[in-house]
Amino acid sequence: MAQFTSLEAALKHFFGYDSFRSGQKQIIEHALNKRDSLTIMPTGGGKSLCFQLPALLRSGLTIVVSPLIALMQDQVDALKDNGIGATFLNSTLNIEEARSRQIAILQGKIKLLYVAPERLLNPGFGEFLERIAGKVGISAIAIDEAHCVSEWGHDFRPEYRRLQTLRQRFPQTPIQALTATATKRVQQDIIQQLNLHQPQIHIASFNRTNIHYEVKTKDRTIYRQLLQNIRTESGSGIVYCLSRRSVEEVALKLQHDGIEALPYHAGLSDKQRSINQTRFLRDDIRVIVATIAFGMGINKPDVRFVYHYDLPRSLENFYQESGRAGRDGEPAKSILFFSLGDLKKIDFLIEQKSNEAEQRISRQQLRQVVDYAEGTDCRRTIILRYFGERYRGNCGKCDNCLNPKPIEDWTIEAQKFLSCVARCREKFGAMHVIDVLRGSRKQKIQQYGHHLLSTYGIGKDKTADQWKMLARSLLHQGLVAESNDGYRILKLNKASWEILRKQRSVEIAVSKPDKQRAVASNSRKAEAEILFDRLRMLRKQIADRQSVPPYVIFADSSLKLMAQVRPTTLDSFANLSGINQYKTQQYGESFISTIREFTAQQKLPTPLPSGSQMTTLQLHQQGLSAAEIAKERGMAVGTINTHLCELIEMNQPVALNKLVTANKQQAIIQTIEKLGDNLLKPLKEHLGEEYSYEEIRLVRGWWRSQQK
């Protein structure tokens, strides 16, 4: 730390950022004081920096426990691209590679070592750890995805339980446990299982302010809705499905409709899953269609949308999966397609569980997802309340807030409902209370004598769905509590009694049936966004040469800053957020050159007769291929090639040489002169398989332009 005047100076030097995100500085200061800690910070909140920066400011080696090979490789690539000494040891390395890395570690050239829990606990690896401790020192142990230690977590892994032996082996070494989500029960389990000593517990807000949440009705048009939405979105995305079969079907349909998509599920071989995931991370494809097998360790920061084609199994799963969008803090979308028909599929899976308590809790978790989907309150309020965080007001970034239902005073109805909960002695769930209110003659009502209660039948003026709507809203607003044992028993709280004593009013958003929502159309991209796309293409080329994902080179947020600020010197380039001196030396000249070229060519070409053709021409002149233009515009490649053919015939500035090689052009022209230009099939048959119809059409367009 001595070489830096402040933590901010160190942050800029190593990672290129000028300031910390909320909570990061306090966690880092605590780590530098050699104290145990538990950090719960949502996906995209900057957890990794909380152990990476302290590792660079302390002497010795920091060991990072990571559950997935892809995750540790991703983080190491990003660190090395910042000029930081980091490496991993896992099963992907051969003996020589592993030995070389071990030597570098013992020579003190490495500051962060990533390992899986299985390897860390291997007796043979334990001997190597002792050598590290004796020669360079182990400054800290960071346990990422720490929720895996708890049976109550959403992704329990038995091998994580054994990590408690680390405390016995290295009693003086501080341990940092980090995870994106953990209920209070999971937090307590992590502390106990890892034997953390009076840890500082930092719980960041679970509020992902950049994500737009929306629920759409799932019906027979679901695939058309999905396709239309993907075509209007920019960037890459994930589509989650419940079954392997759905994954394969949706991926195949998207491919057929011109969307670059691949499947990901446990039925694929390890090699194929790895290939598909890598292609997604490196922007070779735009969409990954997956089951929950595509989960933890997906470190791609620039995912712009996540669609749930089927109902997720719990709100925690939904939060984790939707949270893979917008990790870079830029605007992103989470869309859930909802149909009660999905309940039967998930209920069948729950039936396969052998433990009755597990079944009961799983059903409660499923009903919480349904409550979210059918809820009329702010989606953000519902999600945050699940994690014990209060949020009140209009978020302005979910469908319920952007398309608000009429707000009505339901205080009297709430008093009736809560009074019935009290008279049922807080021993039943919402459905039983509703049955009592509506005067049901079910045997269960008679059995408990609830037909004799004063609240029996006083709610006949409302439908069962209306009472359900009220019950959900009371829960979401924290005006009544619910047990978490799977039985969903309603309990009165302080706010409930305030309502009953007429000290608090109740207002709820009342949904009206069959109300259609307008879909806003995307506006045309601004000039800065056009430059951003060009910079993104350059980033992809560099990333491909280095065999790393594009976001390892620069985050989208850094590219957008470049497009807005347009730095023309290395000094101004280095001052941008997310860019340190090392990256400036590596890539500065290439990006500055592209910015200068764009600035010099800002003048747009003469407008074409068709606005759609004009847009295609502009993208073509930015260097995009027909496939890339089609992807950008959400059109078929054939449509874009038709535009280019027509543009060529109009003598517009289309770079034919970039589309068809000179040798092929000459052969096609000779064939046209011999057979004529009326029909493509005779030309194709004469030229052979090496020539595509698109190439022939493009050259024919040029040939026709010369005849005018």
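For region 628-649, the criterion of being surrounded by fewer than 16 Cβ atoms within 10 Å (Cβ to Cβ), farther than 30 Å from PHE532 by Cβ and touching a residue at least 12 places away in the same chain (Cβ under 8 Å) is satisfied by no residue at all. Among the helices (runs of 4 or more DSSP H) confined to region 614-696, the ones with at least 1 residues that are in contact with a Lys or Arg (Cβ under 7 Å, 6 or more places away or on another chain) are located at 626-633, 637-649, 662-675, 680-687. Does HIS30 qualify as being surrounded by fewer than 19 Cβ atoms within 10 Å (Cβ to Cβ), outside any loop (DSSP other than H, G, I, E, B) and out of contact with any Phe, Trp or Tyr (no Cβ under 6 Å at 6 or more places or on another chain)? No: the conditions fail for HIS30. Do the conditions hold for THR43, that is, is it crowded, with 20+ Cβ neighbours inside 10 Å, in contact with a Gly (Cβ under 7 Å, 6 or more places away or on another chain), in the same structural domain as ASP189 (by TED's automatic domain parsing) and not in a helix (DSSP H, G or I)? It is true that THR43 is crowded, with 20+ Cβ neighbours inside 10 Å, in contact with a Gly (Cβ under 7 Å, 6 or more places away or on another chain), in the same structural domain as ASP189 (by TED's automatic domain parsing) and not in a helix (DSSP H, G or I). Is it the case that region 102-110 has a residue that's closer than 24 Å to LEU38 by Cβ and surrounded by 14 or more Cβ atoms within 10 Å (Cβ to Cβ)? Within region 102-110, none of the residues are closer than 24 Å to LEU38 by Cβ and surrounded by 14 or more Cβ atoms within 10 Å (Cβ to Cβ). Close contacts from region 184-212, counting a first residue that is over 23 Å from ASN484 (Cβ atoms) and a second that is surrounded by fewer than 21 Cβ atoms within 10 Å (Cβ to Cβ) and among the hydrophobic types (A, V, I, L, M, F, W, C), with Cβ to Cβ under 7 Å and a gap of 6+ residues or different chains, come to PRO199/ILE191. Might you let me know whether region 292-310 holds any residue that is of a type in the set (Val, Ile, Thr) and touching a Pro at 6+ places or on another chain (Cβ under 9 Å)? Checked region 292-310: at least one residue is of a type in the set (Val, Ile, Thr) and touching a Pro at 6+ places or on another chain (Cβ under 9 Å). Taking each residue of region 155-175 that is free of Cβ contacts under 8 Å to residues at least 60 places away in the same chain and looking for partners that are β-branched (Val, Ile, Thr) and assigned to a loop (DSSP other than H, G, I, E, B) with beta-carbon atoms closer than 9 Å, six or more apart or interchain, yields LEU166/THR173; ARG167/THR173. Considered as a group, the residues in region 58-76 that are part of a helix (DSSP H, G or I) and in contact with a Ser or Thr (Cβ under 9 Å, 6 or more places away or on another chain) include one that is farthest from ARG101 (Cα to Cα), and that residue is ALA70. Can you say whether LYS271 is touching a residue at least 12 places away in the same chain (Cβ under 8 Å), in a helix (DSSP H, G or I) and of a type in the set (Lys, Arg), as far as the supplied structure shows? No; evaluated as a whole, the condition is false for this residue. Note on region 678-708: residues that are more than 23 Å from ALA636 (Cα to Cα) and surrounded by fewer than 18 Cβ atoms within 10 Å (Cβ to Cβ) amount to 11.
In the set ALA261, ALA182, ALA266, ALA177, only one residue is surrounded by fewer than 16 Cβ atoms within 10 Å (Cβ to Cβ) and either small (Gly, Ala, Ser) or modelled with pLDDT of 95 or more (or both); that residue is ALA266. Scanning region 60-70 for residues that are out of contact with any Asp or Glu (no Cβ under 7 Å at 6 or more places or on another chain) and farther than 23 Å from PHE20 by Cβ yields GLY60, LEU61, ILE63, LEU68, ILE69, ALA70. Answer yes or no as to whether LYS460 is loosely packed, with under 12 Cβ neighbours inside 10 Å and out of contact with any His (no Cβ under 8 Å at 6 or more places or on another chain). Yes: the conditions hold for LYS460. When the residues of region 1-24 are filtered to those that are within 14 Å of ALA55 (Cα to Cα) and in contact with an Asp or Glu (Cβ under 9 Å, 6 or more places away or on another chain), the one that is surrounded by the fewest Cβ atoms within 10 Å (Cβ to Cβ) is LEU7. Among what's in region 432-450 and is surrounded by fewer than 16 Cβ atoms within 10 Å (Cβ to Cβ) and in a helix (DSSP H, G or I), pick the residue that is nearest to the chain's Cα centre (by Cα). Filtering first and then ranking leaves LYS444. Return only the number of the condition from (1) crowded, with 22+ Cβ neighbours inside 10 Å; (2) of a type in the set (Asp, Glu); (3) more than 29 Å from the chain's Cα centre (by Cα) that ASP144 does not satisfy. In the conditions (1) crowded, with 22+ Cβ neighbours inside 10 Å; (2) of a type in the set (Asp, Glu); (3) more than 29 Å from the chain's Cα centre (by Cα), ASP144 misses (3) alone.
Condition check: under 23 Å from the mean Cα position of the chain (by Cα), charged (D, E, K, R) and buried (at least 21 other Cβ atoms within 10 Å of the Cβ). Does ASP74 satisfy that? It is true that ASP74 is under 23 Å from the mean Cα position of the chain (by Cα), charged (D, E, K, R) and buried (at least 21 other Cβ atoms within 10 Å of the Cβ). Evaluate the following for ASN276: is it surrounded by 21 or more Cβ atoms within 10 Å (Cβ to Cβ), part of a loop (DSSP other than H, G, I, E, B), touching a residue at least 12 places away in the same chain (Cβ under 8 Å) and not hydrophobic (A, V, I, L, M, F, W, C)? Against the criterion (surrounded by 21 or more Cβ atoms within 10 Å (Cβ to Cβ), part of a loop (DSSP other than H, G, I, E, B), touching a residue at least 12 places away in the same chain (Cβ under 8 Å) and not hydrophobic (A, V, I, L, M, F, W, C)), ASN276 does not qualify.
Screening region 192-253 for strands (runs of 3 or more DSSP E) wholly inside it with 1 or more residues that are exposed (fewer than 15 other Cβ atoms within 10 Å of the Cβ) and in contact with a Phe, Trp or Tyr (Cβ under 7 Å, 6 or more places away or on another chain) returns the ranges 211-217.
Report yes if PRO67 is in contact (Cβ under 8 Å) with a residue 60 or more places away in the chain and touching a Cys at 6+ places or on another chain (Cβ under 9 Å), otherwise no. When the stated conditions are applied, PRO67 passes them. When region 46-62 is limited to residues that are surrounded by fewer than 23 Cβ atoms within 10 Å (Cβ to Cβ) and either in the same structural domain as GLN320 (by TED's automatic domain parsing) or in contact (Cβ under 8 Å) with a residue 60 or more places away in the chain (or both), the one that is nearest to GLY329 (Cα to Cα) turns out to be SER48. Only residues that are at pLDDT below 85 and either out of contact with any helix residue (DSSP H, G or I) (no Cβ under 9 Å at 6 or more places or on another chain) or over 20 Å from LEU163 (Cβ atoms) (or both) were counted across region 42-67, and they come to 4.
The values are calculated or read from the model by the stated rules, or taken from the named source; none is laboratory data. As the structure is a computational prediction, the values presented were derived from the model and not from experiment. Quick reminder, even Gly has a Cβ in these numbers, built from the backbone with ideal geometry, and neighbours come from all protein chains shown.
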